[in-house]
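Participant: Have a look at this one.
The values are calculated or read from the model by the stated rules, or taken from the named source; none is laboratory data. No experiment lies behind these values; they were computed from the predicted model shown. With ideal geometry, Cβ positions are generated from the backbone for all residues, glycine too; neighbour counts draw on all protein chains shown.
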Amino acid sequence: MTVSKAAALPDDRGRFGEFGGKFVPATLMAALTELEAAYRQARIDPEFRQRLESLLHHYAGRPTALYYAENLTRHCGGARIYLKREDLAHTGAHKINNALGQALLAEHMGKERIIAETGAGQHGVATATVCAMLGRRCVVYMGAEDIRRQALNVFRMRLLEAEVIAVDAGTRTLKDAINEAIRDWVTNVETTHYLIGSAVGPHPYPMLVRDFQSVIGREARAQILEAEGRLPDYVVACVGGGSNAIGAFYEFIGDETVGLVGVEAGGGGLDSGQHSATLSAGRPGVLHGSLSYLLQDQHGQVNETHSISAGLDYPGVGPEHSYLKDARRAEYVAVSDAQALEGFHLLSRTEGIIPALEPSHAVHHAAQLAATLPPEQIVLLCLSGRGDKDVPTVAAAAGIEV
Amino acid sequence: MSKDRIKEKFNAIRQEGRPGLIVYLTTGCPDLEATLELIPALAAAGADAIELSIPFSDPLADGPVIQESTFHALAQGVTPDDCLDLVAQVRGEVPDTPLILMTYYNPILSYGLERFAQRVAECGVDGIIPVDVPGEEAEPLFNQCAPRNVHLVPLLAPTSNEDNIRAAVALSSGFIYCVSLTGTTGAQNQLSQRGLEWLNRVSAHTALPLAVGFGISRREHVETVGRYAQAAAVGTALIRTVLDSPRDQVVAQASKLVAELAGQPWPASGGTL
């Protein structure tokens with residue numbers, strides 16, 4: 001199976017191969033069409049593009065650095081490891097790229113009110129930040145369990161005058177927050193833009209989020225060519241819904257020599273059932289508007305998931321990742337909670353960079369991978385966010401109260 | 001060819017010159033035995049057709065009441081096969097009442113569309129309302145349902161544009177399910193401010209009867225709907241009653257509500273309480 005030219009997907013039905021589509025209640029169909037039309041117009045509108053580029057530069061701090069992690073490389077004793085420093089973007093993660101893009105679109109469409117879901121709180125913070133700057137009302141849905149374990153980000157959102165609504169259903173994590181955000185959107189669709197934070201949901205969201213996040217790979221590709229005069233051998237990124245990964249991968253999809261590796265949350269191990277490794281252990285199904293791999297039981301009920309990182313604790317995944325997996329263009333692996341903690345400490349200790357728990361999964365895998373490769377090879381790791389928010393979780397895992 | 005209960009029922013409603021009443025039950029709430037008792041009782045109390053859910057873990061088009069009933073059913077382990085078997089079991093008791101499955105897509109996708117449509121037909125289900133499968137995505141399911149004479153009923157909403165209406169109508173048979181409001185399922189005191197004028201946009205595309213659901217909880221709503229459409233669908237108000245009634249009162253209380261909604265005297269003549 002060959003991978004269609006990246007730019008050609010999704011097709012006009014919102015499909016990446018068989019994956020994607022628009023599986024939503026009828027009430028939302030026209031809004032999805034409106035959003036797609038607004039986006040297709042905006043992305044060729046010089047004024048819109050210039051405004052977004054200006055904000056990405058002056059407000060979000062782009063381009064983010066590409067850093068040669070010399071100490072980590074020496075520690076692993078193999079391929080050279082580069083970090084794409086999305087942790088240095090404003091608000092501390094890649095989420096700001098998409099939040100800015102979609103908020104400008106919402107403004108363009110005249111939507112007064114913005115809603116979002118959040119898991120780790122990074123997308124909620126990014127959305128609340130952009131709404132504060134643009135003067136929009138902002139409501140963020142967050143699972144009650146995530147509110148507990150990401151308290152710092154909850155307070156940040158409230159400082160930014162966003163309304164944070166706790167969701168008590170199900171496992172009280174990201175999936176349940178998305179259900180509730182969709183219910184809000186169904187009810188208030190005419191005044192409200194739903195600013196989805198990952199490359200999931202009905203068409204056109206997976207395309208929209210990918211395009212706004214593809215700045216990561218576009219910059220990284222130019223930066224690595226500048227630094228090394230060649231492309232990397234691997235691009236490694238963590239995958240929950242998959243927005244930083246698709247953003248990092250997209251520009252490289254056509255470069256056949258570049259291996260793309262997505263790292264999922266293996267939690268307590270794939271055999272334990274306590275994980276969020278959708279592409280490693282799921283099968284295709286429909287959740288939150290699109291057909292994609294899904295963690296589900298034999299009756300099609302969506303499984304409860306687990307991960308130490310709230311941002312990866314999700315039973316679905318973006319449809320383009322499902323496509324890349326089945327087309328064998330990208331490979332997806334799982335890293336456990338314990339291994340992610342090792343990655344967290346390893347990068348903190350060797351490079352003085354405290355990563356978020358989400359990309360700590362990718363750090364662990366990239367370190368393992370680099371150790372098996374010769375020194376002339378290059379591993380490019382997307383460091384999607386910084387770890388301040390996770391310090392209490394990491395301390396608790398070590399039995400320390402902070 | 002099996003008889004077309006939906007068509008016959010709507011013809012009868014039209015001849016009687018009254019609004020039809022469709023009621024919704026969450027299968028397995030409070031338990032499967034209760035659902036088995038409720039179906040013939042509600043048909044006797046004045047329900048023209050009955051929607052039965054296949055409980056799904058993530059009911060994102062439903063408000064709090066139907067969510068609660070769904071989680072209650074799932075906690076008891078209700079499966080898609082339980083729902084299908086229940087229809088087969090009760091079919092003979094309500095030979096003329098259309099029984100329609102209202103479901104999210106994933107349980108039936110997981111079952112296998114062909115296998116599901118086959119079982120649906122065997123069990124005597126008359127139609128399927130797929131909540132999160134708009135006309136634009138309904139073709140694979142339609143292709144399995146149509147040859148087996150199972151009606152497919154995609155939903156439409158006040159926000160539906162002409163393209164959405166055309167896509168839904170192209171694959172609909174039996175009737176068209178129109179949502180009265182922009183929102184999740186849930187009882188409202190008043191019908192949508194926007195009114196029901198938009199139903200005329202749907203009628204312009206199809207001769208099929210229209211049913212209107214979401215937010216309907218009183219007899220007066222049913223009568224209002226009757227001015228624009230052929231039937232009203234009631235879910236949340238009925239489920240609220242089912243959830244709030246002591247187990248031994250569930251059937252009686254639900255039947256009483258349905259009789260009120262149908263504008264029938266209660267207790268029904270010859271019925272006992």
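Participant: Looking at region A:25-47, which of its residues are surrounded by 23 or more Cβ atoms within 10 Å (Cβ to Cβ), part of a helix (DSSP H, G or I) and over 24 Å from the mean Cα position of the chain (by Cα)?
Facilitator: A:26, A:27, A:29
Participant: For region B:101-137, how many residues are more than 17 Å from the chain's Cα centre (by Cα) and not in a helix (DSSP H, G or I)?
Facilitator: Residues meeting the conditions: 1.
Participant: Does residue B:39 qualify as being at pLDDT 95 or above, more than 24 Å from residue A:296 (Cα to Cα), touching a helix residue (DSSP H, G or I) at 6+ places or on another chain (Cβ under 7 Å) and β-branched (Val, Ile, Thr)?
Facilitator: So residue B:39 passes the test.
Participant: Does residue A:52 satisfy being aliphatic (A, V, I, L, M) and surrounded by fewer than 23 Cβ atoms within 10 Å (Cβ to Cβ)?
Facilitator: Yes: the conditions hold for residue A:52.
Participant: Has region A:198-214 got any residue that is of a type in the set (A, V, I, L, M) and more than 19 Å from the chain's Cα centre (by Cα)?
Facilitator: Checked against the condition, which is being of a type in the set (A, V, I, L, M) and more than 19 Å from the chain's Cα centre (by Cα), region A:198-214 yields no hits at all.
Participant: Quick one: in region A:148-170, which of the residues that are of a type in the set (Lys, Arg) and out of contact with any strand residue (DSSP E or B) (no Cβ under 9 Å at 6 or more places or on another chain) is farthest from the other protein chains (Cβ to nearest Cβ)?
Facilitator: It comes out as A:156.
Participant: While we're on this one: Taking residue A:328, is it within 18 Å of the chain's Cα centre (by Cα) and either surrounded by fewer than 22 Cβ atoms within 10 Å (Cβ to Cβ) or β-branched (Val, Ile, Thr) (or both)?
Facilitator: Against the criterion (within 18 Å of the chain's Cα centre (by Cα) and either surrounded by fewer than 22 Cβ atoms within 10 Å (Cβ to Cβ) or β-branched (Val, Ile, Thr) (or both)), residue A:328 does not qualify.
Participant: Having 2 or more residues that are within 14 Å of chain A (Cβ to nearest Cβ) is the bar; report the strands (runs of 3 or more DSSP E) wholly within region B:158-261 that clear it.
Facilitator: Here the list reads B:176-179, B:210-213.
Participant: Another one. Tell me yes or no: at least one residue of region A:81-93 is within 20 Å of residue A:241 (Cα to Cα), away from chain B (no Cβ under 14 Å), surrounded by 21 or more Cβ atoms within 10 Å (Cβ to Cβ) and among the aromatic types (Phe, Trp, Tyr).
Facilitator: No, every residue in region A:81-93 fails to be within 20 Å of residue A:241 (Cα to Cα), away from chain B (no Cβ under 14 Å), surrounded by 21 or more Cβ atoms within 10 Å (Cβ to Cβ) and among the aromatic types (Phe, Trp, Tyr).
Participant: Might you let me know whether region A:189-208 holds any residue that is closer than 18 Å to residue A:83 by Cβ, touching a residue at least 60 places away in the same chain (Cβ under 8 Å) and crowded, with 24+ Cβ neighbours inside 10 Å?
Facilitator: No, because not a single residue in region A:189-208 is closer than 18 Å to residue A:83 by Cβ, touching a residue at least 60 places away in the same chain (Cβ under 8 Å) and crowded, with 24+ Cβ neighbours inside 10 Å.
Participant: When the residues of region B:135-155 are filtered to those that are more than 17 Å from residue B:101 (Cβ to Cβ) and out of contact with any Phe, Trp or Tyr (no Cβ under 7 Å at 6 or more places or on another chain), which remaining residue is farthest from the other protein chains (Cβ to nearest Cβ)?
Facilitator: By that ranking, first place goes to B:147.
Participant: Suppose the filter is without any contact (Cβ under 8 Å) to a residue 60 or more places away in the chain, under 16 Å from the mean Cα position of the chain (by Cα) and either at positive phi or buried (at least 19 other Cβ atoms within 10 Å of the Cβ) (or both); does residue A:217 pass it?
Facilitator: Taking the combined requirement at face value, the residue satisfies it.
Participant: Also: What is the residue count in region A:295-333 for residues that are under 28 Å from residue A:394 (Cα atoms), touching a helix residue (DSSP H, G or I) at 6+ places or on another chain (Cβ under 8 Å) and within 14 Å of chain B (Cβ to nearest Cβ)?
Facilitator: Total meeting the criteria: 5.
Participant: Restricting attention to region A:94-133, report how many residues are surrounded by fewer than 24 Cβ atoms within 10 Å (Cβ to Cβ) and either free of Cβ contacts under 8 Å to residues at least 40 places away in the same chain or in contact with a Pro (Cβ under 7 Å, 6 or more places away or on another chain) (or both).
Facilitator: The total comes to 3.
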